[in-house]
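Notes follow once the structure below has been shown.
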Amino acid sequence: MARFGIVLVITLCLTISVLPDTTTAQLSRGFYSKTCPNVEQIVRNAVQKKIKQTFVTVPATLRLFFHDCFVNGCDASVMIQSTPTNKAEKDHPDNISLAGDGFDVVIQAKKALDANPRCQNKVSCADILTLATRDVVVAAGGPSYEVELGRFDGLVSTASSVEGNLPGPSDNVDKLNALFKKNKLTQEDMIALSAAHTLGFAHCGKVFKRIYNFNGINSVDPSLNKAYAIELQKACPKNVDPRIAINMDPVTPKTFDNTYFKNLQQGKGLFTSDQVLFTDGRSRPTVNAWASNSTAFNRAFVTAMTKLGRVGVKNSRNGNIRRDCGAFN
């Protein structure tokens, strides 16, 4: 996938028992206050430097965070490079299109942190990715929000674990809700996070079916705005390289805003999984509400991102702090 007004985010505080929970890390805003007090500024500087090189950093990082958290939790396992004996998450077909700039911004922030004696080998790649994601949202005009920290990096990354765990471009609301529910996310969270598609691009190959071979009756998906369908056909001719990129949001592709929902009202959702949020009566009221109220949308996005950041986090018993974000220690 490649969805955030400002609101106080409730910090997750877990009580430490005699036997620590091995499946849930203790997250807090001030996790690095003593070990690496400047962590947020160091990461932010790296993010801003990378965005100056290429805007692709913004949607790439946001999508990377989502793809990481939905498979084995927010543990940076998506960043692991494959080896001759292990095909890692990033080489699953659903992840091959993840843009390298998302990986690189985490790597650059990691280098900057490790160059600081106080922070060297203290901050997890999972936390760096979470912070960088917030920072790219802000850089694109989205809301700022407090980030909970304390994730450890995962010890496992396999391509097989990706299968069936990421939303697809043709999914309907039932399928989307089921995938998000697995991660303790509601339909409202799903709609808010889907609006990450207000940024970035997709590839022509993902929309060919909607604009040329929809079904036996209609060659073009009838839920598509007719003028928009023609624009898509011009941008993605039948014989074009399926890797050609097109904007997800045809109106404000470089701004994090609620235009995504206004586009859905006009039949300009790029994927079926976008447009169904308006065509399905269960989700349409939320789309309409957020199309007319950006503050409410931003609030919902912050809530959803905070909940997403709590999925499957690791602690020191089932994770560690990676020296290299792309390889296990």
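The values are calculated or read from the model by the stated rules, or taken from the named source; none is laboratory data. What you see is a predicted model; the values in this text were computed from it and never measured. FYI the Cβ positions are ideal-geometry reconstructions off the backbone, even for glycines, and counts take in every protein chain you see. To get the accessible areas, we keep the full protein, side chains included, count just its heavy atoms, and leave off ligands, DNA and RNA. Shrake-Rupley method; radii C 1.70, N 1.55, O 1.52, S 1.80 Å.
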Report task. Find the helices (runs of 4 or more DSSP H) located wholly in region 170-258 whose residues include 2 or more that are within 23 Å of residue 286 (Cβ to Cβ) and within 17 Å of the chain's Cα centre (by Cα), and list them. Result -> 173-181, 187-194
**Report entry** Residue that is farthest from the chain's Cα centre (by Cα), among those in region 82-100 that are surrounded by 19 or more Cβ atoms within 10 Å (Cβ to Cβ) and either part of a loop (DSSP other than H, G, I, E, B) or at pLDDT below 95 (or both)
**Finding:** 88
Query raised in the report: In region 289-297, is there at least one residue being loosely packed, with under 15 Cβ neighbours inside 10 Å, part of a helix (DSSP H, G or I) and β-branched (Val, Ile, Thr)?
Result: yes
Query raised in the report: Of the residues in region 229-251, how many are open to solvent by less than 60 Å² (accessible area, probe 1.4 Å) and in contact with a Leu (Cβ under 9 Å, 6 or more places away or on another chain)?
Result: 5
Query - Identity of the residue in region 252-272, of a type in the set (S, T, N, Q) and in contact with a Phe, Trp or Tyr (Cβ under 7 Å, 6 or more places away or on another chain), that ends up surrounded by the most Cβ atoms within 10 Å (Cβ to Cβ) - result: 258
Query raised in the report: Do we have residue 218 as open to solvent by 70 Å² or more (accessible area, probe 1.4 Å), farther than 15 Å from residue 191 by Cβ and modelled with pLDDT under 95 here?
Result: no
Requested in this report: Considering only residues that are in contact with a Phe, Trp or Tyr (Cβ under 9 Å, 6 or more places away or on another chain) and among the aliphatic types (A, V, I, L, M), look in region 77-98 and name the one that is farthest from residue 134 (Cα to Cα).
Outcome: 80
Query - From 132, 112, residue being under 19 Å from the mean Cα position of the chain (by Cα), under 24 Å from residue 56 (Cβ atoms), small (Gly, Ala, Ser) and in a helix (DSSP H, G or I) - result: 132
Query raised in the report: In this structure, does residue 165 turn out to be touching a Phe, Trp or Tyr at 6+ places or on another chain (Cβ under 6 Å), under 23 Å from residue 91 (Cα atoms) and open to solvent by 20 Å² or more (accessible area, probe 1.4 Å)?
Result: yes
Query raised in the report: So which residues in region 313-329 are surrounded by fewer than 20 Cβ atoms within 10 Å (Cβ to Cβ) and either of a type in the set (Val, Ile, Thr) or assigned to a loop (DSSP other than H, G, I, E, B) (or both)?
Result: 315, 316, 317, 318, 321, 323, 326, 328, 329
Query raised in the report: Are any residues in region 153-186 in contact with a Ser or Thr (Cβ under 9 Å, 6 or more places away or on another chain) and acidic (Asp, Glu), and if so, which ones?
Result: 153, 171
Requested in this report: Can you give me the number of residues within region 273-288 that are surrounded by fewer than 19 Cβ atoms within 10 Å (Cβ to Cβ) and either small (Gly, Ala, Ser) or at pLDDT below 95 (or both)?
Outcome: 1
Report task. Read through the list (1) crowded, with 23+ Cβ neighbours inside 10 Å; (2) of a type in the set (Ser, Thr, Tyr); (3) more than 15 Å from the chain's Cα centre (by Cα), then give the number of the only condition that residue 145 fails. Result -> (1)
**Report entry** Meets criteria (modelled with pLDDT under 95 and open to solvent by less than 10 Å² (accessible area, probe 1.4 Å)) for residue 200
**Finding:** yes
Query raised in the report: Which condition breaks for residue 61 when tested against (1) assigned to a loop (DSSP other than H, G, I, E, B); (2) open to solvent by less than 20 Å² (accessible area, probe 1.4 Å); (3) of a type in the set (Ser, Thr, Tyr)?
Result: (1)
Query raised in the report: Hey, does region 186-196 have a residue that's modelled with pLDDT under 95, surrounded by 23 or more Cβ atoms within 10 Å (Cβ to Cβ) and of a type in the set (Gly, Ala, Ser)?
Result: no
